[in-house]
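Engineer: First the structure, then my questions, so here it is.
The values are calculated or read from the model by the stated rules, or taken from the named source; none is laboratory data. Model, not experiment: these values are computed from the prediction. Methodologically, a virtual Cβ is constructed for each residue, glycine included, from the backbone with ideal geometry; neighbour enumeration extends over all protein chains shown.
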Amino acid sequence: MKDIAEFGWPTKPLGDLVDVLDRLRKPITKKDRKAGPYPYYGATGVLDHVDGYLFDEPLVLIGEDGAKWEAGANSAFAIEGKTWVNNHAHVIRPHRDQVLDGWLIYYLNGADLMPFISGMTVPKLNQGRLREIPIPLPPLEEQQRIVAVLDEAFEGLVRARAHAEANLQNAQELLKSARSVALDPPETQEGWHRLKLGDVATLQRGFDLPKRLRTRGRFPLVTSSGPTDTHSQAKVKGPGVVTGRSGSIGNVFFIEEDFWPLNTALYVKDFHGNEPRFVFHMLKSFNLARFASGAGVPTLNRNDVHYEVVELPKSRDAQKKIVEHMDAISEQIGRAEVLYEAKLQDLEDLRQSLVQKAFAGELT
């Protein structure tokens, strides 16, 4: 967004344009909350519903901590009616004879507020800095006009985004369904057998490698979230299959080349003569996340997974045919996903462009 001085409108500090009602907010620990009809708000939106309320009027909230404040991060939002707000969101009542709620929200969400954020470990927009944020102030009639234009445009963007997200979800569900059908044995069971997963693919914990000992190289370092870096040495011959052991559970990755699986991952140590890429598709369909345990950091115990019974073709050639079929479908759906994700990014870019034009006085 343009520098504030370039707007051509007078500006005032936010503190001169609003009442800050932070003294009235009150946190309730999760164990002390009683379920009810009233939304309980935090820094990023509704966290719960409770049996009481603190406010009963239209207000604006903006995250104090636990939020994001970059341009386009949508850290400010409107609330109305009977609500409860905890101490992680500032509560603002605009002086509506000077500034509209919608104008304030669009501006705060379009501006980069990071220069007003303090704290390295826990970033925070404290109340003093909040009050200092300069707000451009065109006449109320102009604020109303621009907010109306943005409201209409954003309604269209919301519909377009929902459509693109639905298409992306449908593509992902289609791939999941295709994988399920491909891995479903024929009614006669001919050419297929039932085995424990550990007899099809033996999972093994990855290897420790502290960051201070890592040297950039040509071999992927694979964590529970996939390849994240490289190293000069490999521990496992490719192709290989890796999934999460702790932290991120359920993702499955196929690694073509030799690699180093880190200790947050499990890798297939022995394919027992099965086609590695077939094992990859089989594990992708397996919903490994259901085996995760641990309240703090989810962990996957490979021994629990090894006892699960799976069905698969006996011959590697039959497995390869399924792989060819699944890879062809995956490639087609992957191209569609790229298009849908690009569409979502285009919509986000357009949203930001509209806000920038609005506050540059370029919306007609």
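Engineer: Taking region 65-87, which residues are in contact with a Lys or Arg (Cβ under 9 Å, 6 or more places away or on another chain) and either surrounded by 15 or more Cβ atoms within 10 Å (Cβ to Cβ) or not assigned by TED's automatic domain parsing to the domain that holds Tyr38 (or both)?
Structural biologist: Of everything in region 65-87, those that are in contact with a Lys or Arg (Cβ under 9 Å, 6 or more places away or on another chain) and either surrounded by 15 or more Cβ atoms within 10 Å (Cβ to Cβ) or not assigned by TED's automatic domain parsing to the domain that holds Tyr38 (or both) turn out to be Asp65, Gly72, Asn74, Ser75, Trp84, Val85, Asn86.
Engineer: Quick one: which strands (runs of 3 or more DSSP E) sit completely within region 19-101 and have at least 1 residues that are of a type in the set (A, V, I, L, M) and without any contact (Cβ under 8 Å) to a residue 60 or more places away in the chain?
Structural biologist: Fully inside region 19-101 and qualifying: 35-42, 45-50, 59-63, 76-79.
Engineer: So for region 190-200 (the condition being over 30 Å from Gly273 (Cβ atoms), at pLDDT 95 or above and part of a loop (DSSP other than H, G, I, E, B)), does at least one residue qualify?
Structural biologist: no
Engineer: Select from region 143-171 the residues that are more than 28 Å from the chain's Cα centre (by Cα) and either surrounded by 14 or more Cβ atoms within 10 Å (Cβ to Cβ) or aromatic (Phe, Trp, Tyr) (or both) and list them in ascending order.
Structural biologist: Scanning region 143-171 gives Gln143, Gln144, Arg145, Ile146, Val147, Val149.
Engineer: Let me ask something additional. If I ask for residues that are out of contact with any strand residue (DSSP E or B) (no Cβ under 6 Å at 6 or more places or on another chain) and surrounded by 14 or more Cβ atoms within 10 Å (Cβ to Cβ), which ones from region 179-197 would you list?
Structural biologist: Listed by number, the residues that qualify are Arg179, Ala182, Leu183, Leu195.
Engineer: Can you pull out every residue in region 198-241 that is surrounded by 15 or more Cβ atoms within 10 Å (Cβ to Cβ), small (Gly, Ala, Ser) and more than 12 Å from Glu257 (Cα to Cα)?
Structural biologist: Answer for region 198-241, where residues must be surrounded by 15 or more Cβ atoms within 10 Å (Cβ to Cβ), small (Gly, Ala, Ser) and more than 12 Å from Glu257 (Cα to Cα): Gly198, Ala201, Gly206, Ser224, Gly226.
Engineer: Residues of region 128-153 being polar (S, T, N, Q) and touching a strand residue (DSSP E or B) at 6+ places or on another chain (Cβ under 6 Å), which ones?
Structural biologist: Hits for region 128-153: nothing passes.
Engineer: Pull up region 109-124, narrow it to residues that are touching a strand residue (DSSP E or B) at 6+ places or on another chain (Cβ under 7 Å) and in contact (Cβ under 8 Å) with a residue 60 or more places away in the chain, then point me to the one that is surrounded by the most Cβ atoms within 10 Å (Cβ to Cβ).
Structural biologist: Asn109
Engineer: Residue check: is Glu57 surrounded by 14 or more Cβ atoms within 10 Å (Cβ to Cβ) and of a type in the set (Asp, Glu)?
Structural biologist: No, not satisfied.
Engineer: Still on this structure, I have one more. Check region 112-134 and report whether any residue there is part of a strand (DSSP E or B) and under 18 Å from Leu17 (Cα atoms).
Structural biologist: Within region 112-134 (the criterion being part of a strand (DSSP E or B) and under 18 Å from Leu17 (Cα atoms)), the answer is yes, since at least one residue qualifies.
Engineer: Tally the residues that are in contact (Cβ under 8 Å) with a residue 60 or more places away in the chain and farther than 22 Å from Asp208 by Cβ, restricting the search to region 245-285.
Structural biologist: 9
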